[in-house]
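Participant: For reference, the structure I am asking about is given below.
Each reported figure results from applying straightforward, stated rules to the coordinates on display, with no laboratory input. Small disclaimer: the values here were computed from a predicted structure and weren't measured. Ideal geometry is used to build each Cβ from the backbone, glycine not excepted, and the neighbour counts take in all protein chains shown.
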There are 2 protein chains.
Amino acid sequence: MPLENPFYTPEIQGPYELRSIGRFELEEGGVIPDLQLAVATFGELNEARDNAILVPTWFSGTHATWWQVYIGEGRALDPTKWFIAVVNQIGNGLSTSPHTTDDPSIAMSRFPQVRIGDDVRAQEQLMREHYGVERFALVVGGSMGAQQTWEWAVRYPDKVLRAAPIAGTAQNTPHDTLFAKTLMDAITSDPGWAGGEYASHEDVRDGLTRHADIWATMGLTTDFWKTEFWRGIPPIAEGLEFSTYEEFQQNFVRALFTMMDPNALLTMAWKWQRGRNRQDLWIGEFYGLFAVSSTW
Amino acid sequence: MPLENPFYTPEIQGPYELRSIGRFELEEGGVIPDLQLAVATFGELNEARDNAILVPTWFSGTHATWWQVYIGEGRALDPTKWFIAVVNQIGNGLSTSPHTTDDPSIAMSRFPQVRIGDDVRAQEQLMREHYGVERFALVVGGSMGAQQTWEWAVRYPDKVLRAAPIAGTAQNTPHDTLFAKTLMDAITSDPGWAGGEYASHEDVRDGLTRHADIWATMGLTTDFWKTEFWRGIPPIAEGLEFSTYEEFQQNFVRALFTMMDPNALLTMAWKWQRGRNRQDLWIGEFYGLFAVSSTW
């Protein structure tokens, strides 16, 4: 039975649709019997079907930040001109995830390993079958969204007219792989995690709190803290205001991350660590060559 | 009874002397009934007593790195010219520390809170009483050693002719305080830590391993990993060689940190978080004014 978690609802995240693409075979050998992708769309697809923008999501993220910050008239992604689809990554807590499924073969600790390439293949199928989109004016994403964007560009070069990977690498670095491990260990070291079989994410509060604290030192930057950038950030909810950095850490960073699902975070972190384009299409590191041509 | 830990022995660390400065009252209100400082000296004090250099130690560090890397003929600190005293910080595992004392009033979890200012006062007393040094040609230290160096300069300006704080701030930053917390939580979240009353540091192996992993992402840099700087580092011991970054992390970083004492690391981290010069002598942040004059 799926676990209840109010964080992963339209009330918190904003509207989205669940779209099934059926049985989905994963690169690592597992299977998701009925893969449902949570999609939020903005704007209209034009008749030529050439104004589509695809947005994959980052670690711990959902479509929410995109409509809150980037999508809107006059913003970077303008829905009066573009048809914008934000597709939540597999396992992020909205698309099919360890705690959302009632399929005992993949629930909780039995959730299969998912790779960046799986997300990209699933998104391609989803957009083609459900929205009739065969080509994107732009694929844009940050961090793990950038990992997916790189993968899109080398896997489906004919379908990606422009790619904008932001703050993410085509091949994960050793430092980043080690960093993701510290995040994962913060969670799995909590006895409440129970090998992934907790009854509520609240049982893993200690681990999620440590995860939030580590995130605050590397996901946020030294400059973020030095300039007190947090003073310009609105509180998540009434009663969670902050006027010192300690209060910001408690009422914002910890408050946010302790609402999340531990297994979802672990699924994403495992995927993040292994971010690397398809070996057979591999053309160089982030700092090297990048080509969207389909002729090489 | 002190815990046995081979890491904190002359065989591993190189020669040092334990010098008692007696009962020592701490800034936070605690007392160390018989404070013993572990000191390693190099070179000879000249007749004028004006060739003394003092070196305080950094987090998790001892005097070892100093004689291994910085002290030697033709090196930065040349003992043919200078009398160099490396004083291990209080609680570092060599000077009086939670696991080294047989005084039940301060052993293990009962060890009192120590501040940077305590170390500096203790060092001043030690050098004056045991070595007859009233003035230093140079005080030099890195990281927490820099915190002590700043404190030396503002607390005893007449005694510090030159100060060289390396990679350390006069006032700890929010980011750094949060980072130190993640290191501490990695240890204290291990049930084997047992509130500081473990029977052996090996009971805390999981926590020390997590501590090592976090350290690897911030104590070592992204460039360290990107350039594979570790390839030039000699292994700690036979059988601990490495040819991949994963092996380096396991056989060097983890191997080193899991030899250490958990309470010693916690004592140092707590002190590090509160690194800040004496309020009444406070003259600005690291990036601001620094004065060694005694006239202001």
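Participant: Along the Cα→Cβ direction, 7 angstrom out, place labels at B:LEU18 and B:ASP223. What is the inter-label distance in nm?
Facilitator: About 4.1 nm separates the two model spin labels.
Participant: Put the label 7 Å from Cα along Cα→Cβ for A:GLN250; what are its distances to the other copies, in nanometres, shortest first?
Facilitator: Computed spacing set for this position: 4.1 nm.
Participant: Find how much the distance from A:GLU11 to A:ASP78 grows on full extension, using 0.36 nm per residue of separation minus their present alpha carbon separation; answer in nm with one decimal. Intermediate values should be presented prior to the final figure.
Facilitator: On the way: separation 67, 0.36 × 67 = 24.12 nm, distance 2.33 nm.
This chain segment gains 21.8 nm when fully extended.
Participant: Also: Can you find, among B:ALA153, A:ALA85, A:MET144, the residue farthest towards the positive end of the dipole of the protein assembly as shown? Put +1 on the C-beta of Lys and Arg, -1 on that of Asp and Glu.
Facilitator: After comparing all options, I get B:ALA153.
Participant: If you take the beta carbon distance between A:ALA164 and B:VAL69 as r and set R0 to 35 Å, what does 1/(1 + (r/R0)^6) give as a FRET efficiency, to the nearest 0.05?
Facilitator: Plugging the Cβ-Cβ distance into 1/(1 + (r/R0)^6) gives 0.20.
Participant: Report the Cα centroid-to-centroid distance between the stretch A:135-155 and the stretch B:9-53 in angstrom, as an integer.
Facilitator: Taking the Cα centre of each part, the stretch A:135-155 and the stretch B:9-53 sit 59 Å apart.
Participant: Using a 7 Å offset from the Cα along the Cα-to-Cβ direction at both B:ILE236 and A:HIS130, what is the distance between the two label points in nm, to one decimal?
Facilitator: My value for the distance between the label points is 5.0 nm.
Participant: B:GLN171's amide H: which non-local residues (gap 5+, or another chain) put their own amide H closer than 5 Å, with H modeled 1.01 Å from N in plane and none for Pro or chain starts?
Facilitator: Hits under the 5 Å cutoff: B:PHE286.
Participant: Which three extents, in whole angstrom, do the alpha-carbon atoms of the protein assembly as shown cover along their principal axes, largest first?
Facilitator: 92, 53, 43
Participant: Which percent, to the nearest 5, of DSSP beta bridges fully inside the protein assembly as shown are antiparallel?
Facilitator: 45 percent
Participant: Name the longest site-free stretch of chain B, where the excluded sites are GluC sites (Glu not before Pro) in a DSSP loop with no more than 10 other beta-carbon atoms within 10 Å. Before the final figure, lay out the partial values.
Facilitator: Working: sites that count: B:GLU4, B:GLU47, B:GLU73, B:GLU238.
That gives B:74-237 as the longest site-free run.
Participant: Would you kindly derive the ³J(HN,Hα) couplings of the stretch B:209-215 from the backbone phi angles with the Karplus curve 6.51 cos²θ - 1.76 cosθ + 1.60 (θ = phi - 60°), listing them in order in whole Hz, with x for Gly and Pro?
Facilitator: 5, 4, 4, 5, 5, 5, 4
Participant: Quick one: P(r) of the stretch B:173-273 from all Cα-Cα pairs, 5 Å bins, percents rounded to integers, in order of increasing distance.
Facilitator: It works out to 2, 13, 22, 21, 17, 15, 8, 2, 0, in whole percents.
Participant: About its Cα centre, what dipole magnitude does the protein assembly as shown give when the only charges are +1 on Lys and Arg Cβ and -1 on Asp and Glu Cβ, stated in debye to the nearest 20?
Facilitator: Working: 46 positive and 76 negative charges, 266 e Å.
Computed charge dipole of the protein assembly as shown: roughly 1280 debye.
Participant: Now for a separate question. Tell me, what is the FRET efficiency for A:GLN113 and A:ALA48 to the nearest 0.05, using R0 = 60 angstrom and their Cβ-Cβ distance as r?
Facilitator: The value I calculate is 0.95.
Participant: Which log10 I(q)/I(0) values does chain A give at q = 0.13 Å⁻¹ under the Debye formula, counting every alpha carbon as one identical point scatterer?
Facilitator: Treating every Cα as an identical point scatterer, log10 I(q)/I(0) equals -0.94.
Participant: What lysines could a cross-link reach from A:LYS181, if we take a straight Cα to Cα line under 20 Å and drop same-chain neighbours fewer than 8 places away?
Facilitator: Excluding near neighbours in sequence, the set is A:LYS271, B:LYS181, B:LYS226.
Participant: Using modelled amide H (1.01 Å from N, peptide plane; none on Pro or chain starts), what sits under 5 Å from the amide H of A:LEU138, excluding residues fewer than 5 places away?
Facilitator: The answer is A:LEU54, A:LEU161, A:ARG162.
Participant: List the aspartates and glutamates whose Cα lies under 15 Å from the Cα of B:LYS81, skipping any in the same chain that are fewer than 8 positions away.
Facilitator: Hits, sequence-local ones excluded: B:GLU44, B:GLU47, B:ASP50, B:GLU73.
Participant: Right, another one. Would you kindly work out, in nm and rounded to one decimal, the distances from the label point of A:THR9 to those of the same position in each other copy, ordered shortest first, with label points 7 Å along Cα-to-Cβ?
Facilitator: For A:THR9, the other copies' label points sit at 6.1 nm, shortest first.
Participant: Moving on to the next point. Return the sequence-ordered ³J(HN,Hα) values of the stretch A:20-28 in whole Hz as given by the Karplus equation 6.51 cos²θ - 1.76 cosθ + 1.60 applied to θ = phi - 60°, using x for Gly and Pro.
Facilitator: Rounded to whole hertz, the list is 8, 10, x, 5, 9, 8, 9, 4, 7.
Participant: Sort shortest first the distances from B:GLY74 to its counterpart in every other copy, using label points 7 Å along the Cα-to-beta-carbon line, and give them in nm.
Facilitator: 6.9
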